[in-house]
Structures are given as C-alpha cells and as structure tokens.
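Read-outs: derived from the displayed coordinates by stated rules, not from any lab. Since this is a predicted model, take the numbers as computed values, not measurements. Cβ sites come from the backbone with ideal geometry, for glycine too, and all protein chains shown count toward neighbours.
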Amino acid sequence: MSIRFQHIFFKGENFMDFLQNALSVIQQSAQNNLTKSLCQTNKTSEKYGLTLSEKDIQTLCECRNNVVRNEKRVEFKSSAVPLIIEKFCASTYITQENYAETIEALIPVFFAAKSECEGKLTDGELIDIMFYTFEKRCGGDIEFLESRVVDGVCRAVRLSEQYDDPDSRDYDKDSYSDSGIDESGETND
Amino acid sequence: MIRTATAIAALMKAGKQMTENNLILRRINGDVNNYTASLMDIFPEKFTPEVRSRIMSQLGALFCETADRYVMRASSSVSDEEAERIMSSLMFKSDVFLLAMRSDMLAAQTLLSADFAEICENGGKAILEYYNELKSVYRVLKKNSVMLPVYFYRHTSEDCFREFMRLYDAKYSSHLIPTMIDYPLLFEPACQKGILYIREYYTSLKLENDYCNLFEFKELRTLFTLLSRQYHCHCSDLYTNICETVLWQSVCAVLADKPVFTLYMNKADADGLIRKLAPFGLEQYRSFIRDAMGKISLSISNPAVVAYVRRYTDTMALSLFERVKNNSLPIVIFE
C-alpha cells in the first residue's frame, strides 16, 4: 500500500502503518473467516461437481491478499471471493480440472474492475457482469474477460457520469448494453 | 468508566463557549491537527502498549463499520484513498470531541476510559452543532461585513462560506475543507482541518470586521484607495488583510497623538512619529503599543475583539521597531 500519509499516530509509525495495525486484528479474523467461507463454498460447488482442496483454498487466500495489496484496496468485511466462487461454479466453462486456477485468475479481474468502477458497482453487480461476460461473450476465456470487463466497466462508469450530467445525455445505447448492463442498471443475463 | 450523557453534554457546552474567546486552541499542549494521537505522546505512561492496542482495535472495528455504511453495505472493499479519508475523518471526529474539553488531562482521561466509538459519535454531534452555529456566525458576518470592494475578502466572506456549507461532508470527510479560502487573516487558525478551521476562520473574520467597523467607512475607503495606488493596482486586486492595515494605521495614529479612531496620517505625522519612537528600545515599543491599543479598547464593547487585536502586540512591536530603524512606517499617507 502506498505511503502517502503524513499523520503520525505513534512515534515512528506513519498513518497507513497505523491503519494497517488497526485493521490487522480485523484482517486476521477476516482471513480465518475467508478460509472457512471458501470451505463452505464446496457445499454449493459440489452440486456442479467442483471442489476446492485445502491447498487450493490456501492458494486462493494468498492470491486474494496479494491482489488486494497490489490494487491498493482495503477489505473491511468478509471477502468477495466466496461470492465469485458461488456465482462461477455454475459456469459451463469450468470443470474440476480448471476450477481452482480459473477462480485464482478471476480474483485479480474482479479487484481491477472494482478499482476501475470507483465504487459505482456493488460486489454483486460486478460479479454478475463478470459472469455474464464470461459466459456469453468470452467463451470462458479469462484474458478476454479481463479486457472486456475492465473496458466495459470503465465505459459504464463514464456513461453513468454522463447520465448524471444533464448536459451530456447523448450516450450510445448499443455500447451501453455491450457492457452487459441494460439501461435500468440490471445485468442482461 | 464511560462518561454519562450529562457529563458529555456539560463538556460540550464548555467547549461551545469557546467560540469567540476560544481562539483557544493555544491553551492546549497537544498537536491540534492530530490531537488524539498526540495525547498518547504527551502521556506515554498512561497509554501503555495494551491501552494503545485496545484503542487501535476499537478504531479498527469502527473503521470497518463506517466503511460498510459508506459503501451502503454493498461492497466488501474500498480503495486506500477512501480508507485514508474515512480513517482521517474518524480521527478528526475524535479530535473535535477531545479538543472541546479544553484540557489535555481531561481529554486523555476520556480517551482512556471511554469507548472510541462513543468518542467519535460525540465528535460527530459536536461537528453538527458547530455546523449549525456557523450559520449564525455567517448571519452576523453578513451584517458586519466591511463593504470594501476587495475581491479576496468578499469572495471568502461570501462565496467560500456558502460553498463550504453546501459541500461539507460531516460523515465521511469531516476533516476536509471543500472550498478554497485565499484571504489571509491577522492570525492563521490553529487547527487546519474541517469545521474547526472554518469555525475559527469565520469567527476571527467577524472579530476583524468588528474592529474595522469602529472607523468611518469614508476613511476606510480612502485608506484602501490610497493603498491600491501605492501598489499600482485596483482596490479589488489588493491581496492584503484589511484588519491588519487598519490596525497599523489606527495604532500609529494614536502613537502620533492623533484622536482615537482616526485613520488619517499625513507625512508630517509619520515623520514626527519616527522621531518620537527612534530613541526607544523594543520593550518600550511593546509598552507604547499596549497603551495605544488600550486607548482604542476603551470604546470597544466586545472583549473578544480587544483580546483578538491585542494578540498582535508583539508582532507589531517587532515590526514597528525595525521599520522605525529603516525610516519607513507601514502606513498609508493621506495626501
């Protein structure tokens, strides 16, 4: 996380270190909860013939930690990773062989898009868009998904800003629907 | 143990009374811009690692709850900029509440015994009270505004205030000042954050206006027209503190044995004053200025105005001492 903070809470500690320390207790508990939550997703995914091993779960936890740090984000409650799993285990492109690695690849896509959308989409909405795009537009290709979702989200955010600005409501409906969201803000699946 | 609501209300009332006489924050030893944290450095024996850890854990939990409300419980993460903003806002709320106690010891005791969430909640309430109180400060400010066409002064007194009131976010960005204030005061507010800055700024501006309004508007207008000629600019482009100019002019007039409440000084008055002051040392300058301000103060009904301008004595004495040595008084010659 970038060190840009001038406030000193304790001598020798910068504000972000302090924030990290203050959150560490919560983060530790969130980490334990994430492990449990990921185990619990197996109950849902088993219906689709998919399970995560303990090693997979550990890898996903590490992946989430690295991505959150790299994307300069702070998770303050139960992670979005279990939500991603519960949505994507229904995918027609995911099998037991590529299950863990696909989820691992989806985590950075989710957080990158989350940063791009500047809080304008909820976790659930973003995961819905990702799933729709993955299934209907990318044929299960993660790299394609990454560019489509991040671009789509950027476009949707720009359009929503234009929509907020009464002087610039000249958006192109086709490109809007191409992002996987219809005009009411609902996903198209 | 946790303070009762009555005790907290009493503390807040005491804090509220500081409005004009406060300019206050000077009485506090902690860093007013980061008060909560600085208390821990002032009293290291009270804030043991265990206590700090408890406060940190409470703050962490409060941050999570606040961030969750910020995203309307629809996201699990925020960007680090947002996290910084939310955390700084919480720390500012705590600062506001603890500063209102006007005592480092009392503030430290409260931080030790009360739940951090409760401190922030009370800080939030204090901010709202200050916000409402600012409206009445503004009403007075509008009435006692000096009607000089100085752009920075007018823009700050009117537009900046309205912009602040419209854009201030007391919930998640309480430490920020969403307007650009560019008119210099006689004294820069001690706290540079959020509503505390604005409150002290506009309260001080009101006192400065009160002082300036002691003088005839015609003389004020002439003073600033001549000053703008001196700087070869239009009066509206002057980037100077009105009160400071008036204070210098009025004190020098009294020192030059002119009647109290005149701003009129000609070349002969200025030369005479330089000759009169030249033989004396810095300490006597202080004494002369105190006496001159005393004469002016006799006709000022608001003691807060007197206290405010008297704070300028030392700065003025030092500057006057240097200026007399250089044979150049910082006053406007009415000729």
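Using θ = phi - 60° and the Karplus relation 6.51 cos²θ - 1.76 cosθ + 1.60, list the HN-Hα couplings for region A:106-123 in order, rounded to whole Hz, with x at every Gly or Pro.
Calculated HN-Hα couplings, in order: 6, 4, x, 4, 4, 6, 5, 5, 4, 5, 5, 7, 6, x, 7, 10, 6, 4 Hz.
Enter the mean number of other protein chain beta carbons within 10 Å of the beta carbon of each residue in B:62-69, as an integer.
Average per residue, whole number: 3.
Counting only other chains, what is the mean number of Cβ atoms within 10 angstrom of the Cβ of each residue in peptide B:78-86?
Average per residue, whole number: 6.
Among B:214, A:126, what is the fewest-to-most ranking by other Cβ atoms within 10 Å? Could the numbers behind the result be given before it?
Working: B:214 14, A:126 25.
Fewest-to-most Cβ neighbours within 10 Å comes out as B:214, A:126.
With each pseudo-label sitting 7 Å past Cα toward Cβ, what's the residue B:290-residue A:53 distance in nm, one decimal?
8.5 nm
Using R₀ = 60 Å, calculate the FRET efficiency as 1/(1 + (r/R₀)^6) where r is the Cβ-Cβ separation of residue A:96 and residue B:48; round to 0.05.
0.70
In a Gaussian network model over chain B where Cα atoms closer than 10 Å are linked, find which of B:150, B:246, B:78 has the largest mean-square fluctuation.
Looking only at B:150, B:246, B:78, the biggest GNM fluctuation is shown by B:78.
What percentages, rounded to whole numbers, describe P(r) for chain B computed over all alpha carbon pairs with 20 Å bin width beginning at zero?
28, 47, 23, 2
So which of A:47/A:77; A:36/A:87; A:120/B:193; B:142/B:206; A:72/A:120 end up more than 20 Å apart by C-alpha? Show your work: numbers first, answer last.
Details: A:47/A:77 27 Å; A:36/A:87 18 Å; A:120/B:193 28 Å; B:142/B:206 9 Å; A:72/A:120 17 Å.
Pairs exceeding the cut-off: A:47/A:77; A:120/B:193.
Between residue B:109 and residue B:142, take the C-beta separation as r, use R0 = 51 Å, and let me know the FRET efficiency to the nearest 0.05. Could the numbers behind the result be given before it?
Numbers: r = 41 Å, r/R0 = 0.80.
So, using R0 = 51 Å, E works out to roughly 0.80.
Taking chain B as a Gaussian network, Cα atoms linked when under 10 Å apart, which of B:103, B:94, B:57 shows the biggest mean-square fluctuation?
B:57
Could you work out the percent of alpha carbon pairs in region B:69-180 separated by over 18 Å, rounded to a whole number?
Here the long-distance tail beyond 18 Å is 61 percent of all Cα pairs in region B:69-180.
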